[in-house]
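Inspection log for the structure reproduced underneath, given as structure tokens.
Throughout, read-outs are computed from the coordinates displayed, never taken from laboratory work. Everything numeric in this text was worked out from a predicted model, so none of it was measured. Using ideal geometry, Cβ is built from the backbone for each residue, glycine included, and neighbour counts are taken over all protein chains shown.
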Amino acid sequence: MCLPCCIRAAKQVLMHISGIDHVVIKVADLERSIDFYCEVLGCTLDWRRDEIGLVHLRVGTAFIDLLASEPLPPEAVRNMDHLCLTIPDFDAEQARQHLLDHGVAVGAAAMRYGASGWGQSLYVTDPDGNGLELRG
């Protein structure tokens, strides 16, 4: 732990974050994105709210919310680099082949560090160009 982190950790904290409830991703084609997240990545549709162009996809104890939006121009600045999703019993080569079978470009498998320590992962992008890391 770095020194500034130790100092911050020593202070009294009034709020303790215990996890991530949901992430909202803007998508240009809601149906295409539902297919990608559910059919390719295995999320499940929890609640569809067509009146506001939003769907809640279940990912373990959290949601990925897809929000229908105008497509971003190619030069648009994105605030999020990627979202990392954990996969139990992750087999990088099997996951790679599954993604390729669905026409998804896949980066090289590598050992990367995250909240659960070191683990093998793959980088992909969703149909709207949002970065995803799939990790064991």
When the charge dipole of the chain is computed with +1 at the Cβ of Lys and Arg and -1 at the Cβ of Asp and Glu, the Cα pointing farthest to the positive end, of Pro74, Leu132, Gly117, is that of Gly117
In square nanometres, what is one fourth of the surface area of the convex hull spanned by the alpha carbons of the chain? 10.7 nm²
What percent do you get for the relative contact order of the chain when only Cα pairs under 8 Å and 6+ apart count? 21 percent
Taking Cα atoms, the helix 92-101 axis meets the longest principal axis of the chain at an angle in degrees (rounded to 10) of 30 degrees
Surrounding charge for Ala28, neighbours by C-beta under 11 angstrom, Lys/Arg +1, Asp/Glu -1, total -3
Separation in nanometres of the label points that stand 7 Å from Cα toward Cβ, at Asp35 and Glu70: 2.5 nm
How would Val24, Val104, Val124, Val55 line up from fewest to most surrounding beta-carbon atoms within 10 angstrom? Val24, Val104, Val124, Val55
What one gets for region 40-116 as the Kirkwood radius, inverse of mean 1/r over different Cα pairs in Å, is 15.3 Å
